[in-house]
Structure formats: C-alpha cells, structure tokens
1. Which order, highest average first, do 244-251, 14-21, 368-375 follow once you tally other Cβ atoms within 10 Å for each residue and take the mean per peptide?
2. Of all DSSP beta bridges located in the chain, what percent are antiparallel, nearest 5?
3. Could you list 47, 122, 286 in order of exposure, starting from the residue whose Cβ has the fewest other Cβ atoms within 10 Å?
4. Taking only the alpha-carbon positions of the stretch 180-226 and ignoring solvent, what does the Debye formula give for the base-10 log of I(q)/I(0) at q = 0.14, 0.16, 0.32 Å⁻¹?
5. Choose one answer from 73, 285, 313: the residue with the largest mean-square fluctuation in a GNM of the chain with alpha-carbon springs under 10 Å.
6. Which semi-axes, in whole Å and largest first, does the equivalent ellipsoid of the stretch 119-199 have when worked out from the alpha carbon gyration tensor as the square roots of 5 times its eigenvalues?
7. Enter the per residue convex hull volume of the stretch 223-356, computed from alpha-carbon coordinates, in Å³ rounded to the nearest integer.
8. Remind me, what semi-axes does the stretch 153-216 give for its equivalent ellipsoid, largest first in whole Å, using sqrt of 5 times each Cα gyration tensor eigenvalue?
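Any read-out appearing in this document is the output of simple, stated calculations on the displayed coordinates, not a laboratory observation. Bear in mind that the values here come from a model prediction, so they are computed numbers and not experimental data. Cβ sites come from the backbone with ideal geometry, for glycine too, and all protein chains shown count toward neighbours.
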Ligand SMILES: *Cc1c(COP(=O)(O)O)cnc(C)c1O
C-alpha cells in the first residue's frame, strides 16, 4: 500500500503545518490578537445585520461585496487621507487570503518571491505552497548584531531585487515580528529596482504605528504594481471574523478575480464586517490603550535588562534572553504564553490589557531571577 505521504506533492513532503499553539492559559500574548472582547453595542449591531441576511442565505452572496468595498474604501480615505475608491479595494477571508490571491496571480511555478527575513512567516509559506521559489533576503549586513535593529538597508534591498529579479516582493510595515515601520523611501527604491514585480506592503499593524509614520497607501498613485494589504484582525479586534483587504490599482484587482474562488466572501462575513466598520469608533477605541501597554512593556522590559526593539505594532520583540526556548517554557509554566519566533535570544510579546502587562512583567522578572540563580548555582 502506498503511504499517503508519498502521494503528496514532492515539494510539500516533510513540511510542517503553520501552528502557533492555541493553549488555554491565563495570559495568551502569542498571536497579536486583541485582548479586548467585542463591546456589547457592536454585538447588537452584528446580530441585527446577520439577521438581515439570514433569510437570504439560500442565495450566493454578492460576489463583488459591493457594500463592504465601499465601506472599506471610506475607512481608508477617512483614516489615511488617501482618497480611495471602492474599485481600488479588494478583500478576502483574512489578509492571508488576499496575499494568496496575489501570489496565485503573479507568482507560481518558475517564478520568484523575495522577502526580507525576519518577517511574517506566512509570506514564504503562501509563496511556496503556490509553487513559487522563495528567496530569503537579508534586511541588513549586521542582521545578527543587536545594534542597528532590524531596519531594512535600502541599498542592500535594491541589490537583492536586481539580483533575483522577483515577480513578487514582500515588505512588511510595521514589520512582524520585529515591530518597526519601514521608511517609504525603501518601498520606492524596491519598486524601481524590481520592474517586473508586484510589490506588496503588508500593513497589518498600520493602526498601531507611532505618530508621523506614513502609510504606503500614499505611494499608490502612479504605481500600478504596488499593493498595500490591511486586516481587521488586529486593530479592529476582529480576528475571528477573518477579514483582510488590500488597496491597489483597479487593473491589478481585476487580475485577482482570475484566481479567487467564486463567492469567496460569505454573506455572513460581509454583513459582520460592515457592521464592524459602521461601529469602528468603539472597536478602534482600544488601539490607544494597547499602544500605551506596548510602551509600558518596552519600558518595563528595558528596566529588567532585556533589549526591546522599538515598536510601531501591538507587540514587542525582546532581545537579551540567554536561551529563548527555555525562557518561553518558563513563562508558560507561569501561565504566560508568548511567541518564540525563532530569532536567537528573542521572544515576541503581544500588548494586551494593563493587567496582562503587569502579569507578563512579573513573570519575566521571576523567570530572569530564576535563570540568574541557576547560573550562579
Ligand atoms: C496578523 C498578520 C496578518 C493578519 O492575517 P489575517 O489573515 O488578516 O488574520 C497579516 N500580516 C501580518 C504581518 C500579520 O502579522
């Protein structure tokens, strides 16, 4: 009998599935979700909208999700000041799906996707699963040294773009897992250096950026190969809905229609997302509070002798652990789940409620003290 594994596509054999642990712990700060539950009035609005569409669930949804695109376009226009029309917006079940649409349309076998590691772990997975060759680019020459942080060196990025001639380039700003936003000059330079590529700027955390951080949305005009992706999973505290979107030239969006599944956004998803956008003030109200907790985490961790990377996101990457895997486990033993992103000596912690910040700082202090004692012993 043939083993199932041998029937698998050869390039998928030996791979492990994406899997941030979903554990039941008192303090879960490992996937950059919002710790704040959906407020009561928003729940009411969602239920009313779902009730409206429930009677017509015998029909397929609006394939063009017209109302949702209109609402998303209005949200972008209002919050970024970049005039955005509904035909410049595309959406999917999470921004992972819109990223997949981009790769399916512009990547694929015999094509190359370039990213700058460390960055979002799904960019290579989405690329390779679609048969695209992934090139793990360098962010800077001193990547492993702590001093310059994890900023992308524009000249180095341009050289790599020229060398590998990618079909898709992934940039991420603010970057996951490092937290810092990108200078727009890097986006412009990479765009010009890769004339055959779709340039994706993943802005999943844009709403958390420190004041004065510009969005790549401001670069879209006149750049038909540029795509900016966003999500409702983080700032909107809406990860369970699965709604991500992008803004790009209408002609590019037209090409994405070639690869999407028919009726990919359910009537329920569309209704729920519209209700959330209508009530965005109360959903986004927690963004400022989360930024405050992020800054408290940065300060508190620095005081503990750790090395926080400056963050424009709802999480902090911390350096300074002697053995990140050991500290990860010790934190979990104290009921605090964080993320080991595979960068030596670093852990990533999501910013949550004030109580969670207190809990994680106390747990870190206790873990570091225990590790010190072990070293002395
Ligand atoms: C969390 C995250 C996303 C969000 O994915 P969804 O599918 O929208 O939930 C996208 N990009 C980055 C960099 C992220 O960290």
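1. Top to bottom by mean Cβ count within 10 Å: 244-251, 368-375, 14-21.
2. 45 percent
3. 47, 122, 286
4. -0.34, -0.44, -1.36
5. 285
6. In descending order, the three semi-axes are 20, 16, 12 Å.
7. 170 Å³
8. Semi-axes from the Cα gyration tensor: 22, 11, 10 Å.
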